Amino acid sequence: MASNNEIIMNLDNQYLIDINKKILKRHEKIKKVKVYIETTKNIELVIPKVNSVGNSGNRKDDLIEKAACVMAVIPWAQTFFDGNRRTGIIAASKFLYDNGYELQIDPDDENLELRGMLSEIKKQHKTLNQNLKPKHYETDVFLYFKKNQTIMSPKDKKITDELIEKYSKLLDDLATDD
C-alpha cells in the first residue's frame, strides 16, 4: 500500500494507447470523420521522461511537475498520429486522479492560454532537434497550473470516460486545431 507522500504512477504505454483510441473513436462518432489510430515509436519517450521529473520530495509540486510533463511531452513527441494534445490532457487528469487530485479546467471556458501552449508545443515539434529536451514547455504548463491553481483535491472520483466527457469541449476545440 502506498504512503500518503508516495506518488502513484499508473500510466503506461498501453494506457496511453487505449486513451488515444477512445478519444479518436469518440471524435469519429461525433464528427462522422475517418480517424487514424496509430502509435509512433516516440511513445517510448513518454514514461521515462515523466519519471525523470518531479522528484523534489514536495508531493504537490512533484505531482504538478509530472502532470505538466505528461501534458507537454505527449504532443511534443508526437506519440500518436492524431489526438496527442487531447491524450495528454486526459492522461494528466488520470495521473492526478490516481494521486487524489483533479485537474480543474472549466469545460465552458475557452482555455485560450492552455490551448495556445499546447498548439505551440505541436508546432515547435516540427522544427526542434529531437535530441532537444522539451523542458521549457513543461515549465510553461507547470507555471500555468500553479498560476491558475488548476490542481485541486477532487470532490468526487472520476474515471477515464467521465474525464473525456468532462473535458469534451476542450478536446473538441483541440481537435479542430490538429
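Every number in this text was worked out from the coordinates using simple rules, so none of it is lab data. The model shown is predicted, which means the values in this text are computed figures rather than measured ones. Here Cβ is always computed from backbone atoms with ideal geometry, including for glycine, and neighbour counts include all displayed protein chains.
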note = Placing each pseudo-label 7 Å from Cα in the direction of the beta carbon, Y36 and S56 end up separated by a distance in nanometres of 4.0
remark   = Proxy exposure order for S93, S119 (fewest C-beta within 10 Å first) is S119, S93
